[in-house]
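Okay, structure first, notes after.
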Amino acid sequence: MPSQPACATPAEAGTETRAAPPPRRGLWLAVGVSIVLLLAVAGLSLYAFMLNVDLGDLKRRLSREIETRQLAERYLVETRNQLTESLREIEQLKAQLNYRETEAQSLAAAKPALPLVVGFRSSMLGKGMVAVIDNDSDRYLTVTLLARNPTLSTAKRFTLELAPRAKTEFGHLEGWQFASGDEVALFHDAFAPLRLTVP
């Protein structure tokens with residue numbers, strides 16, 4: 001192995017100094033790659049964070065929608081149950097009403113006919129018609145007269161005192177101007193109702 005001279009010439013010294021830079025270039029390249037990787041990792045971390053935030057918002061929104069849907073379904077079930085209960089009550093009330101109507105009809109059928117004869121004549125004053133009520137019984141009768149005009153949808157109730165074996169006239173002066181098509185009903189507790197239509 002040849003020995004190096006004790007004193008190197010400046011040209012030789014310069015040659016040795018130029019050979020050192022390649023390791024520095026590698027260092028700068030490593031630092032640059034590290035910075036790029038660091039920035040990439042930071043970008044990916046930021047992207048992951050944003051995705052996590054969006055995912056959290058999506059989860060919260062989905063949770064709220066599920067809760068709203070569950071509340072709506074619960075309300076729907078409760079409403080359906082209330083409707084079913086109401087329909088059941090309506091059916092019970094209808095059954096009771098039918099029973100009472102049947103009972104009332106049975107009681108009315110068991111009562112004797114109201115001993116009245118009702119006729120109508122034109123009013124002398126020219127205002128509608130007058131009802132002529134003839135009491136065929138031997139006793140005073142207090143009856144309720146219900147007059148209804150289906151065309152005008154009006155109705156009125158009157159109480160009449162009828163003497164035995166007598167005729168009573170009822171018309172415009174007494175509070176109702178009868179017209180053709182009017183519905184008339186007479187009621188007494190001891191007798192079946194008498195219903196008729198003005199001719």
Within the stretch 157-176, count every residue that is under 50 Å from the mean Cα position of the chain (by Cα) and assigned to a strand (DSSP E or B). 5
For residues that are among the hydrophobic types (A, V, I, L, M, F, W, C) and out of contact with any Leu (no Cβ under 8 Å at 6 or more places or on another chain), scanning just the stretch 147-172, find the one that is farthest from Gly119 (Cα to Cα). Leu152
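Tell me, yes or no, whether the stretch 148-163 has at least one residue that is surrounded by 15 or more Cβ atoms within 10 Å (Cβ to Cβ), under 14 Å from Phe187 (Cβ atoms) and either among the basic types (Lys, Arg) or not assigned by TED's automatic domain parsing to the domain that holds His188 (or both).
yes
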Of residues in the stretch 77-133 being among the β-branched types (Val, Ile, Thr) and under 42 Å from the mean Cα position of the chain (by Cα), the one nearest to Leu160 (Cα to Cα): Thr102
Is there a residue in the stretch 90-100 that is within 29 Å of Phe178 (Cα to Cα), of a type outside the set (Lys, Arg) and at pLDDT below 90? no
Can you name the residue in the stretch 177-199 that is touching a residue at least 40 places away in the same chain (Cβ under 8 Å), outside any strand (DSSP E or B) and not aliphatic (A, V, I, L, M) and is also surrounded by the fewest Cβ atoms within 10 Å (Cβ to Cβ) among such residues? Pro199
With the structure loaded, tell me whether His172 is surrounded by 12 or more Cβ atoms within 10 Å (Cβ to Cβ) and within 13 Å of Phe120 (Cβ to Cβ) or whether it fails that test. yes
Give the residues of the stretch 122-156 that are part of a strand (DSSP E or B) and basic (Lys, Arg), sorted by residue number. Arg148, Lys156
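Can you pull out the residues in the stretch 150-199 that are acidic (Asp, Glu) and touching a strand residue (DSSP E or B) at 6+ places or on another chain (Cβ under 8 Å)?
Once the filter is applied, which keeps residues that are acidic (Asp, Glu) and touching a strand residue (DSSP E or B) at 6+ places or on another chain (Cβ under 8 Å), the stretch 150-199 yields Glu161, Glu169, Glu174, Asp182, Glu183.
The values are calculated or read from the model by the stated rules, or taken from the named source; none is laboratory data. Keep in mind the model is a prediction, meaning the values are calculated, not measured. Quick reminder, even Gly has a Cβ in these numbers, built from the backbone with ideal geometry, and neighbours come from all protein chains shown.
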